[in-house]
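The values are calculated or read from the model by the stated rules, or taken from the named source; none is laboratory data. Owing to the predicted nature of the structure, the values given are computational and were not obtained by experimental measurement. Because the Cβ atoms are built from the backbone with ideal geometry, glycine has one as well, and the counts that use them run over all protein chains shown. Ligands, DNA and RNA are stripped out before the accessible areas are found, and what is left, the full protein with its side chains, is counted by its heavy atoms. Shrake-Rupley method; radii C 1.70, N 1.55, O 1.52, S 1.80 Å.
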Amino acid sequence: RIPELELRMEGPSLSRGDRVDASEHVDFSSPKLPPSMVFVRTPVHGSWSLRKRPGFLRLRGQPASLSDLASPALVCRRQQHFDMAARTRLTFEPLGANEQAGLCVRANEQFHVALHVTAGERGRELRLVRTLAGRRTTLGRMRLASGPVALEVSATAEEYVFHGGAGRLL
């Protein structure tokens, strides 16, 4: 049996600071990724580039997926606040059913949700796929017109909301 603990510490009171504006717009025009952008494990050499198409982050597909322990073609930004939004415009034409690109919220290999573009039975599709305790479930899908795809995820303390589609959404 452990006696009851009182979590109290003496010290000066802290003043409330101004609210921090954590907004960040990354336009990928710099030859280096900003420090806020990170990888999952060491990226495969040549799996990403800011120089092949200036002003764009180009990812070269890898055999590893979000569920694998190998290094996927993935560039991340850590979520620092409950309330947040992330948006991107994606140019991607999948050639096979195993190719996908998109936007994800990732805790680890066993827990993640991805809104991604992939090849479907009748052309390019946008799919929302959840992996929970290692089990994949497709939550929704829709056919996509040709052209760039706008993707967005927003969050509150209670939920994540995903939006996406071809056309001028962002």
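Below, the figures for the structure above:
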{"item": "FRET efficiency, 1/(1 + (r/R0)^6) with R0 22 Å, evaluated for R143 and N98 via beta carbons", "result": "0.70"}
{"item": "Probe 1.4 Å, accessible area per residue of the chain, Å²", "result": "76"}
{"item": "Whether the stretch 32-128 is rounded, prolate or oblate, judged on the alpha carbon gyration tensor where a/c under 1.5 counts as rounded", "result": "rounded"}
{"item": "Values of log10 I(q)/I(0), in the order q = 0.19, 0.30, 0.31, 0.33 Å⁻¹, for the stretch 126-168 under a Debye, Cα-only, solvent-free model", "result": "-0.70, -1.08, -1.09, -1.12"}
{"item": "Net dipole in debye of the stretch 62-165 [+1 Lys, Arg Cβ; -1 Asp, Glu Cβ; about Cα centre; nearest 20]", "result": "120"}
{"item": "Cβ-derived FRET efficiency at R0 30 Å, S23 paired with A133, nearest 0.05", "result": "0.35"}
{"item": "Semi-axis lengths, Å, the chain, gyration tensor of Cα atoms, sqrt of 5 times eigenvalues", "result": "34, 21, 18"}
{"item": "Heavy-atom accessible surface of the stretch 45-110: percent carbon and sulfur, 1.4 Å", "result": "51"}
{"item": "Value of relative contact order over the chain, rounded to a whole percent, pairs C-alpha under 8 Å and six or more apart", "result": "15"}
{"item": "Separation in nanometres of the label points that stand 7 Å from Cα toward Cβ, at L57 and R41", "result": "1.9"}
{"item": "Semi-axes of the equivalent ellipsoid for the stretch 64-107, Cα gyration tensor, largest first, Å", "result": "22, 16, 7"}
{"item": "Dipole-positive endmost among S30, G11, Y160 within the chain (Cβ charges, Cα centre)", "result": "S30"}
{"item": "Förster radius 35 Å - calculated FRET efficiency between A119 and E158, Cβ distance, rounded to 0.05", "result": "0.55"}
